[in-house]
Amino acid sequence: KMSSGAGDLRQRKKQNCTESDKMAPEERNKENSKLGRSPKYMLIQRFAKLFFGCLAAVTSGMMYAVYLSTYHERKFWFSSRQELEREITFQGDSAIYYSFYKELLKAPSFERGVYELTHNNKTISLKTINAVQQMTLYPELIASVLYQASGSEEVIEPVYFYIGIVFGLQGIYVTALFVTSWVMSGTWLAGMLTVAWFIINRTDTTRIDYSIPSRENWALPYFACQVAALTGYLKKNLNCSAEKFCYLLVNASTYTFMMMWEYSHYLLFVQAVSLFLLDSFALAQTEKVHEVYRIYLFSLIVGYLLQFENSALLVSPLLSLVVALMFSKSLQMNMKKSTFVSRLLKIMYIYLVLTVAVTLNFLLKMFIPHKENGYLLKFIEVKLGLNTTKNFTMNWLLCQESLQAPSQDFFLRLTQSSLLPFYILVLIICLFSVTQVIFRRICGEPLKETVKLEDGRIGERPEIVYHVIHTILLGCLAMCLEGMKYLWTPYVCMLAAFGVCSPELWMTLFKWLRLKAVHPILLALILSMAVPTIIGFSLWKEFFPRIMTELTELQEFYDPDTVELMTWIKRQAPVAAVFAGSPQLMGVIKLCTGWMVSSLPLYNDDDLLKRNENIYQIYSKRSAEDIYKILTSYKANFLVIEDSICNEVGPVRGCRVKDLLDIANGHVVCEEGDNYAYSKYGRFCHEIKMNYSPYVNYFTRVYWNRSYFVYRINTVISFQS
């Protein structure tokens with residue numbers, strides 16, 4: 001039975017490192033003597049392969065970082081811009097992250113800068129926040145320390161240092177993907193193909209073009225390193241030194257990833273589910289899998305302490321799952337193998353783990369005070385069609401492109417680069433092979449200690465099974481939310497490149513086809529070299545000219561209206577002024593001027609979400625008195641109205657800000673499928689421009705250009721009409 005075989009595999013301890021390291025050279029020497037090769041020759045060959053592979057991996061990462069830097073310069077003319085014009089290129093939440101980096105550099109000391117961030121009352125009016133905890137500012141802390149400690153003040157400007165670190169991390173990201181496909185396939189040709197597909201599909205693999213300081217651009221390179229190390233760690237017959245190195249790298253990268261991104265524990269939860277399924281079917285060494293669980297547990301504890309006792313980590317599904325897995329494992333180990341209860345536990349293992357995990361998570365959320373985003377469950381309900389809502393924030397989130405289902409253009413782009421067809425081919429072959437292995441385990445057939453090429457059993461390799469499960473889970477998420485494609489597509493590139501470059505995959509296919517005309521091993525070796533070479537040449541011919549055109553074309557990015565607005569604020573507005581407007585614009589105002597604002601583009605705080613909804617009322621059909629009361633409740637002195645929002649002509653009617661406000665405020669009546677707007681007041685952002693009473697009683701226009709209208713909020717009101 002599978003359960004008894006799984007039990008034997010779970011109870012098997014690690015081999016003694018010394019014995020393992022001694023046996024491996026003896027086996028290799030016997031094999032080499034049969035082939036007429038000396039051990040010295042084989043050592044030189046292996047060293048050369050490792051050296052040139054590492055050189056190719058590092059070179060790929062460095063070239064990608066240089067490519068990003070060059071593309072960024074061509075897109076924004078960064079070197080020829082003034083500081084204000086450079087800062088305007090940071091939009092939305094990116095502006096907030098960079099503004100705190102600036103504040104750290106301006107502080108008299110690093111300790112004082114950290115204190116001001118953890119007790120920040122100069123960013124949002126009437127609100128003191130711990131910015132380090134709420135916005136996960138550890139990347140900015142690290143960047144500021146490196147900038148000052150390295151003595152870079154006299155060598156490079158702060159903005160170049162900051163984006164240089166991010167581009168360097170993206171180079172590490174690509175290098176880690178290269179190494180992962182190389183470890184899986186055994187050839188660094190797979191790594192080269194992975195990098196090529198990653199760059200060609202850059203629109204769908206990374207958000208670096210649109211939001212340089214975003215948390216995932218800092219965090220995902222560390223996750224890629226963790227996946228590369230985990231891939232090596234899961235391999236069978238790994239020598240002791242390599243296993244220890246992989247284990248330490250998994251440790252370090254997991255801890256760092258946890259600190260860089262507030263949503264990292266959700267991605268690690270998906271990974272933990274993949275490892276849980278891998279272990280449940282007894283396809284990997286249980287000891288190794290449970291070592292990874294311990295790393296998760298320790299990372300959560302460290303994260304909880306360093307993130308100012310972040311209760312969201314205590315109620316995270318990752319913690320509940322890991323505790324449930326360890327509890328179920330301890331139950332199995334304490335039961336005698338021959339007892340009925342122990343056999344029942346093996347059969348009910350998956351059910352037991354899920355039951356304990358769900359129950360524990362429910363209890364933790366009941367007894368531990370936490371500020372986990374309450375909109376998450378409501379969003380899932382509405383997204384799945386289980387509920388409807390008129391809430392502005394909820395509908396605004398549902399209208400965001402990143403939270404929509406992926407468009408047809410996404411699949412078309414992946415198909416045009418040949419990535420999607422090869423990924424589907426590799427996934428099908430691996431999935432069928434894994435299914436065969438699971439069926440054999442159910443029938444009681446043990447796994448082979450060493451899978452040889454002629455066996456054609458790629459599904460018996462635990463690292464392959466892990467990646468198949470992981471990419472399917474991420475793919476399911478990407479099919480629901482387009483924003484998840486940035487997590488899924490890089491591993492699509494890696495898995496597809498591994499497959500077409502792996503002789504084992506082709507051999508598995510030929511085993512099923514029962515090829516007899518040509519020797520299958522020879523054909524598998526030929527195809528593993530020929531197919532990626534053909535793909536590489538076709539990609540070079542079609543996409544290399546486009547990439548070079550991107551780097552040679554000078555693109556124009558200039559926003560004179562925003563530059564004029566920021567210049568006016570810095571010259572004319574009082575230092576103690578508080579500005580109100582759309583959260584995205586407030587982020588830019590905070591960065592470029594340093595003035596206090598009434599809201600920010602952050603969506604992990606219920607109070608800020610409510611603030612954003614209230615201040616967005618300036619684009620609704622509300623009275624001047626209502627808007628005045630809302631703005632003065634946040635101590636705002638100036639109001640900025642954006643013409644682009646007030647006169648928005650969105651591609652999707654019903655997703656414009658003013659449409660969502662009308663729905664939330666009950667100013668839209670639906671009759672026989674048609675929507676009719678009704679309110680006794682005109683739209684505020686239109687009416688205020690007319691300069692008539694009662695609007696002039698509450699607001700005085702002090703500045704305007706083609707895009708922005710700035711009004712001072714009067715402290716003394718005349719109610720004469």
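The values are calculated or read from the model by the stated rules, or taken from the named source; none is laboratory data. None of the values given here were measured: they were computed from a predicted structure. Neighbour counts are summed over all protein chains in view; Cβ atoms, including those assigned to glycine, are modelled from backbone coordinates with ideal geometry. These area figures cover heavy atoms from the full protein model, side chains too; ligands, DNA and RNA do not enter into them. Shrake-Rupley method; radii C 1.70, N 1.55, O 1.52, S 1.80 Å.
Below, the figures for the structure above:
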read-out: Qualifying residue in segment 108-127 (condition: within 30 Å of Thr180 (Cβ to Cβ) and crowded, with 20+ Cβ neighbours inside 10 Å); value: no
read-out: Unique residue being in a helix (DSSP H, G or I) and open to solvent by 80 Å² or more (accessible area, probe 1.4 Å) when the list is Trp540, Trp568; value: Trp540
read-out: Single unsatisfied condition, Ala576 versus (1) open to solvent by 10 Å² or more (accessible area, probe 1.4 Å); (2) at pLDDT 95 or above; value: (2)
read-out: Cβ pairs under 8 Å, 6+ apart, first in segment 260-280 and outside the structural domain of His290 (by the TED database), second in a helix (DSSP H, G or I) and surrounded by fewer than 22 Cβ atoms within 10 Å (Cβ to Cβ); value: none
read-out: Any hit, segment 213-222, residues being over 23 Å from the mean Cα position of the chain (by Cα) and in a helix (DSSP H, G or I); value: no
read-out: Unique residue being among the charged types (D, E, K, R), out of contact with any strand residue (DSSP E or B) (no Cβ under 6 Å at 6 or more places or on another chain) and in a loop (DSSP other than H, G, I, E, B) when the list is Glu445, Glu454, Glu504; value: Glu445
read-out: Any hit, segment 297-305, residues being open to solvent by less than 10 Å² (accessible area, probe 1.4 Å) and out of contact with any Leu (no Cβ under 6 Å at 6 or more places or on another chain); value: yes
read-out: Residue among Glu482, Glu504 that is open to solvent by less than 30 Å² (accessible area, probe 1.4 Å), charged (D, E, K, R) and at negative phi; value: Glu482
read-out: Any chance Val273 is in a helix (DSSP H, G or I) and either among the acidic types (Asp, Glu) or more than 18 Å from the chain's Cα centre (by Cα) (or both); value: no
read-out: Any chance Phe257 is crowded, with 22+ Cβ neighbours inside 10 Å, at pLDDT 95 or above, among the hydrophobic types (A, V, I, L, M, F, W, C) and out of contact with any His (no Cβ under 6 Å at 6 or more places or on another chain); value: yes
read-out: For Tyr616: the one exception among (1) surrounded by fewer than 21 Cβ atoms within 10 Å (Cβ to Cβ); (2) at pLDDT 95 or above; value: (1)
read-out: The lone exception for Asp605 - which of (1) among the acidic types (Asp, Glu); (2) open to solvent by 40 Å² or more (accessible area, probe 1.4 Å); (3) over 19 Å from Val696 (Cβ atoms) it fails; value: (2)
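Every residue, every condition in (1) outside the structural domain of Tyr173 (by the TED database); (2) surrounded by fewer than 23 Cβ atoms within 10 Å (Cβ to Cβ); (3) within 30 Å of Leu267 (Cα to Cα), yes or no:
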{"position": "Glu454", "(1), (2), (3)": "no, yes, no"}
{"position": "Ile458", "(1), (2), (3)": "no, no, yes"}
{"position": "Ala478", "(1), (2), (3)": "no, yes, yes"}
{"position": "Leu523", "(1), (2), (3)": "no, yes, no"}
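For (1) buried (at least 24 other Cβ atoms within 10 Å of the Cβ); (2) among the acidic types (Asp, Glu); (3) touching a strand residue (DSSP E or B) at 6+ places or on another chain (Cβ under 6 Å), each residue gets a yes or a no:
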residue	(1), (2), (3)
Ala176	yes, no, no
Ala190	yes, no, no
Tyr210	no, no, no
Glu216	no, yes, no
Ala229	yes, no, no
Leu238	no, no, no
